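To start, the structure itself, in structure tokens.
The values are calculated or read from the model by the stated rules, or taken from the named source; none is laboratory data. Predicted model, so just to flag it, every value in this text is computed and none were measured. Every residue, glycine as well, gets a Cβ built from its backbone with ideal geometry; the counts of neighbours run over all protein chains shown. Ligands, DNA and RNA are excluded from the accessible area calculation, which covers all protein heavy atoms including side chains. Shrake-Rupley method; radii C 1.70, N 1.55, O 1.52, S 1.80 Å.
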Amino acid sequence: MKVELAIIGGTGFYSPEILKNIDEVAVKTEYGEVQMTVGSYKDVYIAFLARHGGQHHLPPHRINYRANIAALKEVGVTRILASTAVGSLRKDLSPGSLVIVDQFIDLTRNRQQTFYDGEHAGGVVHTDFSDPYCPQLRNCLKNILEQKKDVTFIDKGTYICTEGPRYETPAEIKAFALWGADVVGMTNVPEVTLAREAGLCYATLSLVTNFAAGISPHVLTHREVVEVMAEKITLIREIFMETLISVPRYRDCRCSIKEDFTLGQQEGS
Ligand code: HPA
């Protein structure tokens, strides 16, 4: 089986539902085994993977990001759309809004960040992140969002990724806003960076589920996040499917280009 397009579902997005001809697949990788669903939408095959597991049993810091990306690559995936739930750092970006993220700031601490750890993939590899999210996929998302009525979205935004699983303090949120972050979440890194290391196109659509700590008039709860996600899940599923089937076959981005500089080769013979 070969499937080129994939969805990674975040909080509140645990099943693909509108896919037909569904197959449950277990993919073995050197990082662990991954369950995914493969099915078709308008004759296009799409793989679906629930980041937190089907029952949301994996917290952000325990997700096996390397296995997930390696498994998608293993079945032939070249392009991934991922959903992320986020808190908003901006008063003008309220719950229910969508963000086509174009930059990230990484504050994670205890995660396996790379395939190039010397144990699995070798060599010293420093990957370029000038354009962290695939511009072609982001543009396809934007085209679909522009066709939707009553959808509030921004086509750029900086996602700051915290280690979690706790929410942030108001002081942290104030600092993050000064750094230029627009939204905060706990799962986009290292998913996005591993996808690039693997040469895959990757974009995330973030749903604002709450104002961040200190901006929100009340304390933060996971229930609020899940409730807002539940209100928008049908729309997000639709946006993802429509975006994926609209993507041109030709990849006109640099996501699959690897740096070819190898220290050993340069210094050696
Ligand atoms: N902080 C971190 N992660 C989140 C938030 C938040 O406010 N909302 C949804 N995911």
Considering 77, 34, which residue is away from the ligand (no atom under 13 Å from the Cβ), surrounded by 15 or more Cβ atoms within 10 Å (Cβ to Cβ), in a loop (DSSP other than H, G, I, E, B) and under 18 Å from the mean Cα position of the chain (by Cα)? 77
Any residue in segment 151-161 that is crowded, with 22+ Cβ neighbours inside 10 Å, near the ligand (Cβ under 10 Å from one of its atoms) and assigned to a loop (DSSP other than H, G, I, E, B)? no
What is the number of the single condition among (1) touching a residue at least 40 places away in the same chain (Cβ under 8 Å); (2) under 30 Å from residue 167 (Cα atoms); (3) surrounded by 15 or more Cβ atoms within 10 Å (Cβ to Cβ) that residue 45 does not meet? (2)
Test: residue in segment 5-22 that is open to solvent by 30 Å² or more (accessible area, probe 1.4 Å), closer than 17 Å to residue 234 by Cα and under 17 Å from the mean Cα position of the chain (by Cα): yes
Can you pull out every residue in segment 80-120 that is in contact (Cβ under 8 Å) with a residue 60 or more places away in the chain, open to solvent by 60 Å² or more (accessible area, probe 1.4 Å) and among the charged types (D, E, K, R)? 90, 91, 106
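Condition check ((1) closer than 22 Å to residue 79 by Cβ; (2) touching a Ser or Thr at 6+ places or on another chain (Cβ under 7 Å)) across all residues:
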residue: 198; (1), (2): yes, no
residue: 210; (1), (2): no, yes
residue: 213; (1), (2): no, yes
residue: 218; (1), (2): no, no
residue: 221; (1), (2): no, no
residue: 235; (1), (2): yes, no
residue: 243; (1), (2): yes, no
residue: 246; (1), (2): yes, no
Test: residue 184 is surrounded by fewer than 23 Cβ atoms within 10 Å (Cβ to Cβ) and either in a strand (DSSP E or B) or touching a Leu at 6+ places or on another chain (Cβ under 8 Å) (or both): no
Give the residues of segment 24-36 that are of a type outside the set (Phe, Trp, Tyr) and either more than 21 Å from residue 234 (Cα to Cα) or touching a residue at least 60 places away in the same chain (Cβ under 8 Å) (or both), sorted by residue number. 24, 25, 26, 27, 28, 29, 30, 32, 33, 34, 35
For segment 80-105, which positions are within 15 Å of the ligand (Cβ to nearest atom) and within 21 Å of residue 253 (Cβ to Cβ)? 82, 83, 84, 99, 101, 104
Looking at (1) open to solvent by 20 Å² or more (accessible area, probe 1.4 Å); (2) part of a helix (DSSP H, G or I); (3) closer than 29 Å to residue 114 by Cα, which one does residue 165 not meet, given that it meets all the others? (2)
Here the qualifying pairs (Cβ atoms under 8 Å; residues six or more apart or on different chains; first in segment 121-132 and at positive phi; second open to solvent by 70 Å² or more (accessible area, probe 1.4 Å) and of a type in the set (Asp, Glu)) come out as none
Considering only segment 163-213, state which residues are over 18 Å from residue 83 (Cβ atoms), in contact with a helix residue (DSSP H, G or I) (Cβ under 8 Å, 6 or more places away or on another chain) and within 12 Å of the ligand (Cβ to nearest atom). 163, 165, 168, 212, 213
